[in-house]
Amino acid sequence: MTVLDIRKVGDPVLRKAAAEVTDFDAELRRLVKDLNETLAASRGAGLAAPQIGVGLRVFAIAPELPGNDLKLDHLVNPVLTFPDEDTQDGFEGCLSIPGIYLDTRRRLNVVAKGFTEHGDPVQVVGEGLLSRCIQHETDHLDGILFIDRQDEAGRRRLLDTIREASWFEGLPAPEVRVSPH
């Protein structure tokens, strides 16, 4: 079993847009396995490749998420569309920002198209928590963190809390960006 370290906010790899996967080979299948094993060990809902230091457009999601009828555990090169304007508010956390949960607005419904680790096309239609997870992990692939979705006052409070966290010592100061979604 390969459980890898999860990069924390402040690590530059979390702020870089990930590259599209072009080779659906054994190396990609190993990455998907590492993502799934690390996600399972962390008991999270999703984990993107940049969070383990790999700059590729791949993420793992918990197959038991409500609405995940395909029991999909990963998506490669996801492209998101939104069938409507409906939004949801809800608490959201991130394995790269441990112990912090914030009310975060996301789209309620999403259609995610991408590929499996073998290069087979797949489409996931999600709502609620599944939609939130897919959007959160796709943000990671674009170098966006959920703190970027907070209002200015919320971002300031969050950055102060992060700087005081025991796990943050020695990391560069986190930056905030505006989400493109």
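Just a few scattered comments:
- The set of residues in the range 97-123 that are open to solvent by less than 10 Å² (accessible area, probe 1.4 Å), modelled with pLDDT of 95 or more and touching an Asp or Glu at 6+ places or on another chain (Cβ under 9 Å) comprises R106, V110.
- Consider the range 4-50 and keep the residues that are among the β-branched types (V, I, T) and either outside any helix (DSSP H, G or I) or in contact with a helix residue (DSSP H, G or I) (Cβ under 7 Å, 6 or more places away or on another chain) (or both). The one that is surrounded by the most Cβ atoms within 10 Å (Cβ to Cβ) is V9.
- Restricting attention to the range 67-93, the residues that are in contact with a helix residue (DSSP H, G or I) (Cβ under 6 Å, 6 or more places away or on another chain) and at pLDDT below 95 add up to 3.
- Test: residue in the range 51-67 that is touching a Phe, Trp or Tyr at 6+ places or on another chain (Cβ under 9 Å) and either assigned to a strand (DSSP E or B) or surrounded by fewer than 15 Cβ atoms within 10 Å (Cβ to Cβ) (or both): no
- Filter pass, L80 being among the aliphatic types (A, V, I, L, M), open to solvent by 20 Å² or more (accessible area, probe 1.4 Å) and out of contact with any Asp or Glu (no Cβ under 6 Å at 6 or more places or on another chain): yes
- Going through (1) more than 18 Å from L14 (Cβ to Cβ); (2) of a type in the set (K, R); (3) modelled with pLDDT of 95 or more one by one, R57 falls short only on (1).
The values are calculated or read from the model by the stated rules, or taken from the named source; none is laboratory data. Keep in mind it's a predicted model, so treat the numbers as computed, not measured. In this analysis, Cβ positions are derived from the backbone assuming ideal geometry, glycine residues included, and neighbour counts consider all displayed protein chains. Ligands, DNA and RNA are excluded from the accessible area calculation, which covers all protein heavy atoms including side chains. Shrake-Rupley method; radii C 1.70, N 1.55, O 1.52, S 1.80 Å.
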